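The values are calculated or read from the model by the stated rules, or taken from the named source; none is laboratory data. Owing to the predicted nature of the structure, the values given are computational and were not obtained by experimental measurement. Every residue, glycine as well, gets a Cβ built from its backbone with ideal geometry; the counts of neighbours run over all protein chains shown. Just the protein is used for accessible areas: all its heavy atoms, side chains included, with ligands, DNA and RNA removed. Shrake-Rupley method; radii C 1.70, N 1.55, O 1.52, S 1.80 Å.
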Amino acid sequence: MSFNTYFRASSYAMIAVAMLALWLAGGMNLALAVAFALVMISAWQFEGTKWQLSERVGLIVVLLSLPLFYLDWKFLGLYPDLNPLQPGGPHKTAGVSALAHLILFLSAIKLLQVKADRDWVFLYLISFFEVLLAAGLSLSPVFLASLSVYLVCSLSTVIAFEIHKARRNLKPAETRLLVAPDSVIFKRLAQHGARRANIEVKHLPITAVVLLVLIFMLALPLFLIAPRASSASFTRGGAGLTNLIGFSESVTLGEIGTLKQNNDVVMRVRLEDASPTGLHELKWRGVALDEFTGRGWKKSLEARRSAQIGNERGFYQLGTTEALHRLTTQTIFLEPIDTAVLFAAPRPVALQGPFPFIRVDSEGSIQSRHHELDRVIYRAVSDTAEPNPAPLRRDMRPYPASFARYLQVPAPLDPRISDLARAIVINSDARNRYDAARAIERQLQTSYGYTLEMKAGGPDPLADFLFNVRAGHCEYFSSAMAVMLRTRGIATRVVNGFLSGEYNDAAGAYTVRQSDAHSWVEVYFPETNSWVTFDPTPAAGRAAPERTGLAAYLGKYTEAFELLWFQYVVGYDKQEQRSLATSMNNRLFSFRRSLAQGIAHLQQAPLAQWRKVLFVAFVVFAASLLLWSTRRLGWQRRLRIKRQEDEAGTSAIEFYERLTKLLADRGIKREPNETPLEFASAVGLKEAWAITQAYNRVRYGEENLSASERTQIEDLLSGLERRPTSN
């Protein structure tokens, strides 16, 4: 590949990767990306031909197109449904799409026209702005891959561009060629120059990669120690999860089932101080609802009352705990959702995150600002320990008057529901609230089927589920248990949240999807002042689907990398800095302690063990010395061979200088415009011809003379010196 071809290819690659990054970030749709790719292919084919646009024509086209881009920004950007090139939905800003269109159009015109240096620079700047725009639209790890490729291409292109300018600006040599253009020596020199040029071209990509690695090594420490903003939230291009139903102040029976049919990721949760095997039944609590309408649940006026929690540097204390070992710390990576609800394991006692405020309602549900376009990273600390069943069974204390809302049932209520609850309690011989709750929970789990199909309906969907359909999803099970317990005078409420999700051992975190949405029951026990979780849904509705196969295996590591990218790159803040510094300090302390223990162990070891250690050290030292000596002898041999080769070339030049001096003493001088071979031909001596050929082979052909050839040349020169002047 010639250098000019490499320069163009590197420049085109840089522009193409920038366009690819913008497409992957959602800055344009597939049709526009394909159209731009076709323009690039055409521009490559038109390079150096008459089909290229002149600079004046390109400028005229750009000026004429400016009103169209104004309309694109003013009209189609505000009405994206009318714009076939609009990549996003209504959440996209009006200027983003129009700016992307303008950038791509300017790039296309510059590619198709005759390009001077300033045009190449303009294309490079446009590609940079494309990557910058892509960075604002997407913070996915995919952008890291496209950015890395772009940096390699841009470094290679900048180097090639500087060489391109330097080569063009070189003045012609003032000295003449020493060989004729049609001679064999000239052809050999041309071939050698082409070979050297190809070697230099091959080295340019390697140089770009090495520079990128050096830049990364220098930038990484700065990234780790540079100060960050206090907020760990970040914007994601595109619409949020606008259909996350079931987490508002009122929920109709069946909505959770609709949500469970969607497999989009809602959040990822990493447990920092607990084993995933011991917390496989952990749930992520969202909202609690206390009033049943007969067709759904809603918050009563008392439940809607909330208190705003004060914070200290983003830390919110929500409650207390009896023992620290009962606490479970979670780091939650919440995707953009259209609700202000924050999720955590049951009984959260503290929250830390980039929130302007935190509100907790009377049911313990946590809310903050809406974040339809933002991913949010926060930590929650929860007291996940369940009370011991023994004191719960002894709890006979009556409920306070304020808890009457947790005993409310709609009027009229199908009497069969109350009769069924009484029959279950009597048949199980339950004599307290706890055993009654367990009996109804067990009856629903074992005697009813699980399905996501909306089979129960009519004016009383709960009675239809219990006595006719006898199958449903989690909402029906939790509603049935809560209402049946209320008919037995036991205070309950329904909680909507998520199951633990699928555990990703590569990421060390749970992946929670919309399909993991769940509903369960909390029962109040006044003696211990605790809400205890009960889940009447059958096991089929509580098991996370297991993904298998190659796609699942690769997806596991993809999710792990994406989680690391979100936590340590995009959401990297002062809190993560402190956490990383603490982790490194702990590891350094562990290393020092292990090293000190090893030294102390060696100091206490008997003499026989010391002898073994010294023997092993001596063997390693001897082997290293032998290897070093062998390599040194090899280097000396290579240096000696190289010196001999250099001496051979020097000898040939000295031979030719002796020849020209000998002939000049005899009155035969070489003219400035004569090549060595022309001079030898004009002299007409076979000795001069043989010596000149040997000289050209060494001087221009990069060949080395053998010892016999050097001896032969010495004999020829000695013969000329002895020859009489008259000859």
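The table below gives the values:
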read-out: Cross-chain or 6+ apart pairs with Cβ under 7 Å, the stretch 706-722 first and free of Cβ contacts under 8 Å to residues at least 60 places away in the same chain and of a type in the set (S, T, N, Q), then part of a helix (DSSP H, G or I) and open to solvent by less than 60 Å² (accessible area, probe 1.4 Å); value: none
read-out: Subset of the stretch 381-403 [open to solvent by 60 Å² or more (accessible area, probe 1.4 Å) and not in a loop (DSSP other than H, G, I, E, B)]; value: Arg393, Ala401, Ser402
read-out: Qualifying position, being under 30 Å from Ser362 (Cβ atoms) and among the basic types (Lys, Arg), among Arg486, Arg431; value: Arg486
read-out: Among (1) of a type in the set (Val, Ile, Thr); (2) touching a helix residue (DSSP H, G or I) at 6+ places or on another chain (Cβ under 9 Å); (3) open to solvent by 40 Å² or more (accessible area, probe 1.4 Å), the one test that Ile713 misses; value: (3)
read-out: Single match in Leu132, Leu125 (criterion: at pLDDT 85 or above, open to solvent by 80 Å² or more (accessible area, probe 1.4 Å) and not polar (S, T, N, Q)); value: Leu125
read-out: In the stretch 1-16, residue most open to solvent (accessible area, probe 1.4 Å) [restricted to those that are of a type in the set (A, V, I, L, M, F, W, C) and over 19 Å from Ser97 (Cα atoms)]; value: Met1
read-out: Qualifying residue in the stretch 304-323 (condition: of a type in the set (S, T, N, Q), within 23 Å of Arg493 (Cβ to Cβ) and assigned to a loop (DSSP other than H, G, I, E, B)); value: yes
read-out: Members of the stretch 24-69 that are open to solvent by 80 Å² or more (accessible area, probe 1.4 Å) and over 15 Å from Ser107 (Cα atoms); value: Leu24, Leu30, Gln45, Lys50, Trp51, Arg56, Leu64, Leu68
read-out: The stretch 325-361, residues that are in a loop (DSSP other than H, G, I, E, B) and at pLDDT below 90; value: Glu335, Pro336, Asp338, Thr339, Ala340, Gly353, Pro354, Phe355, Pro356, Phe357
read-out: Within the stretch 671-695, considering residues that are closer than 14 Å to Thr660 by Cβ and polar (S, T, N, Q), the one surrounded by the most Cβ atoms within 10 Å (Cβ to Cβ); value: Thr692
read-out: Within the stretch 432-446, considering residues that are farther than 16 Å from Val532 by Cα and of a type outside the set (Val, Ile, Thr), the one surrounded by the most Cβ atoms within 10 Å (Cβ to Cβ); value: Leu444
read-out: Selection count, the stretch 343-359, where residues are in contact with a Ser or Thr (Cβ under 6 Å, 6 or more places away or on another chain) and under 30 Å from Phe561 (Cβ atoms); value: 5
read-out: Test for Leu485: is it at pLDDT 90 or above and in contact with a strand residue (DSSP E or B) (Cβ under 6 Å, 6 or more places away or on another chain); value: yes
read-out: Residues (crowded, with 23+ Cβ neighbours inside 10 Å and part of a helix (DSSP H, G or I)) located in the stretch 515-540; value: Asp516
read-out: Residue in the stretch 50-70 that is at pLDDT 80 or above, in a loop (DSSP other than H, G, I, E, B) and closer than 19 Å to Asp117 by Cβ present; value: yes
